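Below is one structure; the comments refer to it alone.
The values are calculated or read from the model by the stated rules, or taken from the named source; none is laboratory data. Computed from a predicted model, the values in this text were never measured in an experiment. Backbone-built Cβ (ideal geometry, glycine too); neighbour counts: all protein chains shown. Accessible surface is based on the protein model in full, side chains and every heavy atom, while ligands, DNA and RNA are left aside. Shrake-Rupley method; radii C 1.70, N 1.55, O 1.52, S 1.80 Å.
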Amino acid sequence: MLAANSREHVDCVSRVVRNADRLPQAPVPSLIFDSWRRSMEQHHLDPGSLQGPRILSEPLLKECRERAELFMRIAGEAVGQLHHRVRQADYCVMLTDAQGQTIDHRVDASIRSDCRKAGLYLGTCWSEAEEGTCGVATVLTSQSAVTVHKRDHFRAAFIGLTCSAAPIFDPQGNLLGVMDASALKSPDDRRSQHLIRQLVAHSAEAIENAFFMHSAQQHWVLQAHSTPGYVDSQPDLLLAWDQDGRLQALNSKARQALRRRFGRVPAHIGEVFDLNALRTVTDQSTQQLHWLGEPGALHVRVNAPRRKQARAPLVPLVDARVEEHLRLAVRVKDRNLPVLVQGETGAGKEVFARQLHERSARRGGPFVAVNCAAIPENLIESELFGYVAGAFTGAASKGMPGLLVQADGGTLFLDEIGDMPLALQTRLLRVMAEGEVAPLGAAKTRTVDIQVICASHRDLSVLVNEGRFREDLYFRLGCARFCLPPLRERTDKLALINRLLEQEARNSGITVGIGQVALELLLGYAWPGNVRQLRHVLAYACAVCEGGTVQVADLPVEVRGEQVEALTEDRASPERQVVLDALIRHRWKPIPTAQALGISRATLYRRVNQLGIDMPNKTR
Ligand SMILES: Nc1ncnc2c1ncn2[C@@H]1O[C@H](COP(=O)(O)OP(=O)(O)OP(=O)(O)O)[C@@H](O)[C@H]1O
């Protein structure tokens, strides 16, 4: 039998949900009203039920706690602190997992038994589908901090409770769990709970940040706050990226800030801050840093990866020019304009196009690459546009959809566009303007939604002058033109060499390093074939290298260069190392060094000259 106040609540909930369309304003906040409605209409719950929440069996609870072991370990301190702050006001504190199952609970002995009767206990399950509107469930559905105060609850069993709760997210934005502070008695005015909600939200944020710092130890981590004094102790924004600059982790505030500023979460740190400016930031002191292309600055500190050996922070990991091109090209592409990528052969135009696709709004769609120079001229048309059955002699009996159709909803990459026959350029222009494809032999056209990226290593304006490329197509493509720097001019050459060597070694099933002289040769070489040539050189070096370190002798002759060879061979020679070691050990003093090596002073001088050793004191 329901008490009078419970009956009144059940009537109120039923009336409000049934007459929602006619009521000028619901008596509860819209978040609560939506949950009431779902509780009744979707979950078919009875507001009059007086049953307590479901409680997990011991083995199930154990399993849930084991699964959330790391989360609980990191959150434990904050759960205790929050309880310490609110216990005087008779609140208990619960931590639930992402399913609303209570995995940690703190309560004072004086109210433990009453809390238990009300369902505020370890192992209780607080999903909306089972309990209707309540603190934890409303956080799970809204993913924001809420107070569910007394009669906000859906079920009459809970209308004495007041619950303030906040979500906790992992660095990838997935819900880890919910922090909740609940009391059995409280003033009727909802505003009395404002401060408690702030405390709970603050505590949830502290757990989130601690979890972030634990998970991002192998990455570069930027801590930021609008006030310099808080950057270390209470950073507002946390961002982490890997050695290649890819954003790997964000706390909730950083995720929200990036969405607000950039309309999405960028994939790369170079889209968020200027890389050159970022490289000047260290973990020694806080610095001001501006958002890229957006007004406003932050006070920041950058911590190098703690778990793995960090590369020197001053070595550029990405080329600032390429990164800037990518950032702008994503903007152009996302406005559905075609992009033209130019650059020497092997400079990475296709790699750039793929990165562009991956960073664009179309990343979920197909990426179809076509090399116009590699397909015989008489086949390009059917490859691109497809054909219907029997369209020409030799056509496949079922017809073929064509690459334009395959790229529908995604990106079409036309490499070596300069080699496309003139007649096809006209048809391509039409597809780009009208979004319609007519397969060979078809009576009807088909609508396609394609974004086009073109590439050429030739100067298309020269082809236009020679009458081999349509001027109107050139103008259409050419307004968003990005010219990739050749490898010899890239500032991330060292990072590229390291990365490609690692890849090629892995492909060969070996682990190799690279000797200093060989590395210097690679860094100084002109690379006419660009990154492709570098990849081949490193694949060759991995194949011939013996002893785990690529030496000068493992590089192809064209890279060694004949003149350099004599010098560098000596520079890399074991004898040079022995002489050098002895000189260093004896502080560059010739007599003890010669004695240690068992040679005369004159011989030592001769060898030092031959081996190209530069003595610091030129007294010889
Ligand atoms: N940034 C990069 N990181 C790793 N590998 C790269 C990078 N850029 C290019 N490469 C490698 O270099 C080779 C050539 O790259 P890609 O095909 O993109 O060059 P391209 O400019 O399109 O060449 P072409 O002018 O011949 O069409 C490929 O093996 C690619 O994997």
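Here the condition is being touching a Phe, Trp or Tyr at 6+ places or on another chain (Cβ under 9 Å), of a type in the set (Lys, Arg) and free of Cβ contacts under 8 Å to residues at least 60 places away in the same chain; of Arg261, Arg246, Arg255, it holds for Arg261 alone. Checked against (1) free of Cβ contacts under 8 Å to residues at least 12 places away in the same chain; (2) within 12 Å of the ligand (Cβ to nearest atom), Gly509 meets all criteria but (2).
Filter segment 476-535 down to residues that are part of a loop (DSSP other than H, G, I, E, B) and at negative phi, then give me how many there are.
Total satisfying the criteria: 16.
Could you tell me whether segment 251-259 includes any residue that is under 18 Å from Leu328 (Cα atoms) and open to solvent by 50 Å² or more (accessible area, probe 1.4 Å)? Yes - at least one qualifying residue is present in segment 251-259. Residues of segment 481-507 that are open to solvent by 60 Å² or more (accessible area, probe 1.4 Å) and more than 19 Å from Asp244 (Cβ to Cβ): Arg481, Cys483, Arg488, Glu489. Taking segment 214-241 as the range and being surrounded by fewer than 17 Cβ atoms within 10 Å (Cβ to Cβ) and out of contact with any helix residue (DSSP H, G or I) (no Cβ under 8 Å at 6 or more places or on another chain) as the test, the residues that pass are Gln217, Gln218, Ser226, Thr227, Pro228, Gly229, Tyr230, Asp232, Ser233, Gln234.
Give the residue that is nearest to the ligand (Cβ to nearest atom), with candidates limited to residues of segment 529-546 that are open to solvent by 30 Å² or more (accessible area, probe 1.4 Å) and free of Cβ contacts under 8 Å to residues at least 60 places away in the same chain. In this case the residue turns out to be Arg535.
For Ala310, the requirement of being out of contact with any Leu (no Cβ under 9 Å at 6 or more places or on another chain), at pLDDT below 90, open to solvent by less than 60 Å² (accessible area, probe 1.4 Å) and closer than 23 Å to Gly229 by Cβ is not met. A residue that is closer than 26 Å to Leu82 by Cα, outside the structural domain of Val300 (by TED's automatic domain parsing) and within 15 Å of the chain's Cα centre (by Cα) occurs nowhere in segment 194-204. For segment 586-602, a residue qualifies if it is within 14 Å of Ile613 (Cβ to Cβ) and part of a helix (DSSP H, G or I), and the qualifying residues are Pro590, Thr593, Ala594, Leu597.
Yes/no per residue for (1) over 19 Å from Gly418 (Cα atoms); (2) of a type in the set (A, V, I, L, M):
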| position | (1), (2) |
| --- | --- |
| Asp459 | no, no |
| Leu463 | no, yes |
| Thr491 | yes, no |
| Leu500 | yes, yes |
| Arg506 | yes, no |
| Thr511 | yes, no |
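Restricting segment 331-358 to residues that are in a helix (DSSP H, G or I) and either more than 14 Å from the ligand (Cβ to nearest atom) or not assigned by TED's automatic domain parsing to the domain that holds Arg476 (or both), the residue that is nearest to Gly270 (Cα to Cα) is Arg331. The set of residues in segment 1-60 being in a helix (DSSP H, G or I) and of a type in the set (Val, Ile, Thr) consists of Val10, Val13, Val16, Val17, Ile32.
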